[in-house]
Each structure stands twice: as structure tokens, then as C-alpha cells.
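See structure below.
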Amino acid sequence: MRSGIIEENDPHSPGDPLLKMNPLLAIFATQFLLLPADLHVEEVLLEKNRLMLVLSSTQLTAACPYCSSLSAHVHSHYTRTLVDLPWKARAVVLRVQVRRFFCPPAACAHRTFAEQFPALAPVFARRTSRQLQRLCQIALALGGRPAARLLSQQAMPTSFSTVLRLLRHSSVPSFPSPRVLGIDDFGAEKRRPLRHYTGGFGAPPSY
Ligand SMILES: [Zn+2]
């Protein structure tokens, strides 16, 4: 019996039958990678620089995002690819088997809908929520090109333009409005460069 973990040189091809994992190994992979509980690990592909997991939903039904009706009548399947946070130095790719359901009410304007995974990734996103959060944190801390360089070094290759797009769409951290202003905040010494001085009372240090 073959293990569910496929090593790098395993002659696996898309035409091969799906390799089912040992149930205990699947639970371990789910817990180890902190995946949502309603996802089941079907297959693990271990490559030199990449770890790929094939996932499927354990839910019997799904709710239509347009009319909220539950449906268990599957229309078709497709695979959605998501990039997750890296594991060690390896990039992690999730291939999620998505079901498309028929929507039962005739009044719904959409005859079919695809199941969503809100705990894993936003709708239409190609990255998991936690990877998007990490990218935004690094982009806000370092800025465009330095963030892109660091992300590439951390097995999360991201282009400069993508970093800029994330910055444009991310919310800037909010800070509470100051209740007390120091004299330096009014620029009392306009002939000298305005610097923040936190050394207490007395003459500010010379820069
Ligand atoms: Zn519907």
C-alpha cells in the first residue's frame, strides 16, 4: 500500500489515480498546517522547493452565496489553486477540489454556485488569507521593492507591482489621536530641523 506522501522522484502524473492518505496522517497534516477543520487532506506532494496538498471539503452541503439556500446536489467539480504560507524553506501550494452545486429555489437568479471557503481564502483570491495578511504586514513595514526582495527570500515570491497593489488595497493601521502635544510639535524652533525629542526636560541634544 502506497503512502499518501509522494516523494520528489515519484513518477506521479495527473493521470495517476488519486493517492488517498492514511486517515491519521491526514489529520496530522491538517493540524500541523493549521488548516480549517472542514477541509480534508487527500494527497501530499513533496518536491524539492514546494509542498503541495490536495484538499477537499468534508461538508455534505453548501450554502448559495446569493440566496443562502442549502444544496447537496453537485453540478460539477474544478480545482482551485491557492498559495499558502511557506513551510520551512518550501513554498506551500493548496489545490482545493471545489464543488459547484445546483441552487434549488427557482426564484434564485443563479442556477449554480461554487462552494466557498471563507476560513481559508477570500472569494476569487489566489492566496490564502493568512498569506495575504503576512504579505501586507511585510509590505507596510518595508515598502515596495524591499518587501518584494524579502518575500522572495522567504519562499513567497511576489512581484513589486503586486506589493504595490496590496499596499493600495490594505488598510493603514489606525493610531489614536494624541491628547497632549509637546512644544516640538508646534515647530517652536523653526530655524532648526524639527526632531522628536524624548529626553525629558532641559535643552534638546544637538544633532
Ligand atoms: Zn441561490
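The values are calculated or read from the model by the stated rules, or taken from the named source; none is laboratory data. Just so we're clear, the structure is a prediction, and the values are computed from it rather than from any experiment. Quick reminder, even Gly has a Cβ in these numbers, built from the backbone with ideal geometry, and neighbours come from all protein chains shown.
Candidates are the residues of the stretch 126-153 that are assigned to a loop (DSSP other than H, G, I, E, B) and in contact with a strand residue (DSSP E or B) (Cβ under 7 Å, 6 or more places away or on another chain); the one that is surrounded by the most Cβ atoms within 10 Å (Cβ to Cβ) is 128.
The C-beta contact set for the stretch 109-124 (first residue at negative phi, second residue among the aliphatic types (A, V, I, L, M) and assigned to a loop (DSSP other than H, G, I, E, B), distance under 8 angstrom, 6+ apart or interchain) comprises 116/123; 120/35. In the stretch 58-70, the residues that are free of Cβ contacts under 8 Å to residues at least 60 places away in the same chain and more than 13 Å from residue 98 (Cα to Cα) never reach a residue that is away from the ligand (no atom under 11 Å from the Cβ) and among the aromatic types (Phe, Trp, Tyr) with C-beta atoms less than 9 angstrom apart, at least six apart or across chains. The criterion of being away from the ligand (no atom under 16 Å from the Cβ) and at pLDDT 90 or above does not hold for residue 173.
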